[in-house]
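Working notes, structure below.
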Amino acid sequence: MKFQDAHRIAAHEVEVTGTVVRLVLCGDFLLDDARRYAELIDVAITGSQPYAVIADVSAMAAIGPDVRRYLTEWNKGHLAERCAIIGANLISRTLVSLVVRAMSLASSAHINLRFFSSDADAEAWIAAWQQHKRGAA
């Protein structure tokens with residue numbers, strides 16, 4: 001994924017465009033990284049506004065249990081509706097699935113999670129969601 005207006009969080013990149021958060025995770029995603037990510041989202045997207053996430057995890061190493069707990073708690077006040085994951089291997093699929101499942105359970109809101117092999121497929125899935133949201137408004 002290439003970003004025009006990316007924010008750097010350690011080795012990771014985050015870009016927020018409208019109601020879509022795009023991020024590239026490189027190496028370990030640490031608790032401080034998660035806190036900075038949450039602060040960025042809190043500023044860019046209001047808590048009551050549904051949003052989607054597209055994450056490239058092909059270079060991600062690990063997400064520790066402290067990060068999973070933090071993101072689960074933080075997500076209680078947010079409305080992530082879709083999460084498109086690109087480049088996940090078996091281990092990162094498992095980690096991401098655990099995080100998203102915990103976030104869904106804690107917030108009582110379903111987060112639709114899908115895994116993709118290409119940016120284009122992930123972007124198309126999120127674009128269809130955006131189109132549906134515009135049609136429903």
message: If you take every residue apart from L113 with its C-beta less than 13 Å away from the C-beta of L113, what net charge results, scoring Lys and Arg +1 and Asp and Glu -1?
response: +3
- prompt: When DSSP assigns beta bridges and you keep just the ones with both residues in the chain, what percent turn out antiparallel, to the nearest 5?
  reply: 30 percent
task: Could you give the size of the charge dipole of the range 7-136 about its Cα centre, using +1 on the Cβ of each K and R and -1 on the Cβ of each D and E, expressed in debye and rounded to the nearest 20?
output: 400 debye
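Sort the range 79-119 into rounded, prolate or oblate with this rule: let a ≥ b ≥ c be the square roots of the eigenvalues of the Cα gyration tensor; rounded if a/c is under 1.5, and if a/c is not under 1.5, prolate when a/b is larger than b/c, oblate otherwise.
It comes out oblate by the Cα gyration axes.
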query: For L30, L98, L71, what ranking results if the residue with the fewest other Cβ atoms within 10 Å of its Cβ goes first?
result: L98, L30, L71
- request: Take the alpha carbon gyration tensor of the range 23-89, find the square roots of its eigenvalues, order them as a ≥ b ≥ c, and report rounded if a/c is under 1.5; if not, report prolate when a/b exceeds b/c, else oblate.
  value: oblate
- request: Could you check the simple spin-label distance between S48 and A6, using points 7 Å along Cα→Cβ, in nm with one decimal?
  value: 3.5 nm
query: Counting Lys and Arg as +1 and Asp and Glu as -1, what is the net charge of the other residues whose Cβ lies under 12 Å from the Cβ of L25?
result: -3
- line: The residues H7, H132, H78, sorted from fewest to most surrounding Cβ atoms within 10 Å, come out as H132, H7, H78
Placed amide H near H7: partners under 5 Å, 5+ positions off or other chain: V14, E15
message: If I histogram all Cα-Cα distances within the chain using bins 5 Å wide from 0, what percent of pairs lands in each bin?
response: 2, 10, 21, 26, 24, 13, 3, 1
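Only the coordinates and a few stated rules stand behind these numbers; no lab work does. All values derive from a computational prediction rather than experimental measurement. Virtual Cβ from ideal backbone geometry, glycine too; neighbours counted across all protein chains shown.
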